[in-house]
Amino acid sequence: MQRARVYVFLALANLFWAGNFVFGALVGSQVPPASLTFFRWVFAAVPLVVLAWVLERPDWRLALREWKQHLLQSVLGLTGYTLLLYTALGLTGAVTASVISAINPAMIALGAALVLRERLSGIQGVGIALAFVGVTIVLTGGDVGSVLANGFGVGDLLVVASVVAWTVYSLISRRLRTPPVTSTAIQAVFATVTMLPVVAITGLTPPADLGGVVGIAYIALFPSVLGYAFWNIGAARVGPTRAGIFLNLLPVFTVVIAVALGESLELAAAIGGALVLAGVTLTLRVPRQRATDVPVEASIDTDASRGASIEAEAAPDGPAALTPRAEPGRPARPARG
């Protein structure tokens, strides 16, 4: 596959995840977070199972042996992260949410250093600190005194909580041996099942108009299925180190789409976002002796077939990401969106 086409795939993955922020905010005005989360995974589960079968030809019995880990990841990354994010989008804008979420790679790198005892280089430490300064500017709107007097916005704190949930999800994912698309497919099925009691209590609210239907269709297909596929195909070709740099496109795409649809971009968000992107870029840099471009797999989880691990993802949606580090027998994970 030509290198230019691979880069297009990685860019498209982040574009699709950016759309999750914007469409999530728009659809959230008529569909509550619990219903939106349920619709997302119930409609994405079957396509993900088919995609896993085509790309990875998994041994489902071996994959299901890790069902406890998949269930925990589903609760953290698919339902927990998504519920927190969609609730936050109803209280804060897509631009602010995406800029705060952009700290995901730095958070995962820090979590790996604290929990997994991974070594951070000096430049990565500077990058993490810079990213946190940027997020602080976004959270405070550049006015620390006002925040000390009035407190943080609930929506902003929910976005931070979603980042924490995704960080834990990403750290757990590194211990799985199930290929990433297969992992996502299994977890989507779990998410559908575990959300049933939730929507039974809260009620299931369908979209009110055709725009809501289109929004849910977009969220289920593009960020949840195609974003994962394109990311892992791209990461499998260029390696996790180069692929990780493309995660910086997520907040940029989100800002462009949101502003094009009429949302304003505040100066504090622009300055803080620039610092976050600079910090994440430094965080994704690894010492030459550790930066290996081991092929991952043509799939994803958010963020391959078990070849390398991006410890630095989109997340949500897309995507998830840490500091790129090759791990024998491990796949690349995406940034969640």
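Between Trp60 and Ile172, what's the calculated FRET efficiency when r is the beta-carbon distance and R0 is 22 Å? Round to 0.05. Taking R0 as 22 Å, the efficiency between Trp60 and Ile172 is 0.60. Magnitude of the charge dipole for region 1-88, about its Cα centre and with charges confined to Cβ atoms of Lys, Arg (+1) and Asp, Glu (-1), is about 180 debye. Ser29 sits with roughly 100 Å² accessible to a 1.4 Å probe, with DNA, RNA and ligands left out of the calculation. Averaged over its residues, region 175-293 has an accessible area of 44 Å² per residue, based on protein heavy atoms and a 1.4 Å probe. Using a ≥ b ≥ c from the Cα gyration tensor of region 32-86 (square roots of the eigenvalues), is it rounded, prolate or oblate, where a/c under 1.5 gives rounded and otherwise the larger of a/b and b/c decides, a/b for prolate? Here region 32-86 falls in the oblate category. With only the Cα atoms considered, region 9-50 has a convex hull volume of 65 Å³ per residue. Full extension of the chain between Val193 and Leu261 gives 21.0 nm of extra length, using 0.36 nm per residue less the Cα-Cα distance. Cα convex hull, region 11-151: 173 Å³ per residue, rounded to a whole number. For the peptides 271-277, 124-130, the ranking by mean Cβ contacts within 10 Å, running from highest to lowest, is 271-277, 124-130. Projected label points at Leu116 and Thr205, each 7 Å from Cα along the beta carbon direction, are separated by 3.8 nanometres. With 0.36 nm allotted per residue and the present C-alpha distance subtracted, the Val154-Ile271 stretch has 40.0 nm of extension available. Projecting the Cα atoms of Ser29, Tyr7, Gln69 onto the dipole axis of region 1-100, where Lys and Arg carry +1 and Asp and Glu carry -1 at the beta carbon, places Tyr7 farthest toward the positive end.
The values are calculated or read from the model by the stated rules, or taken from the named source; none is laboratory data. Small disclaimer: the values here were computed from a predicted structure and weren't measured. Every residue, glycine as well, gets a Cβ built from its backbone with ideal geometry; the counts of neighbours run over all protein chains shown. Quick note on the areas: whole protein, heavy atoms, side chains included, nothing else; ligands and nucleic acids left out. Shrake-Rupley method; radii C 1.70, N 1.55, O 1.52, S 1.80 Å.
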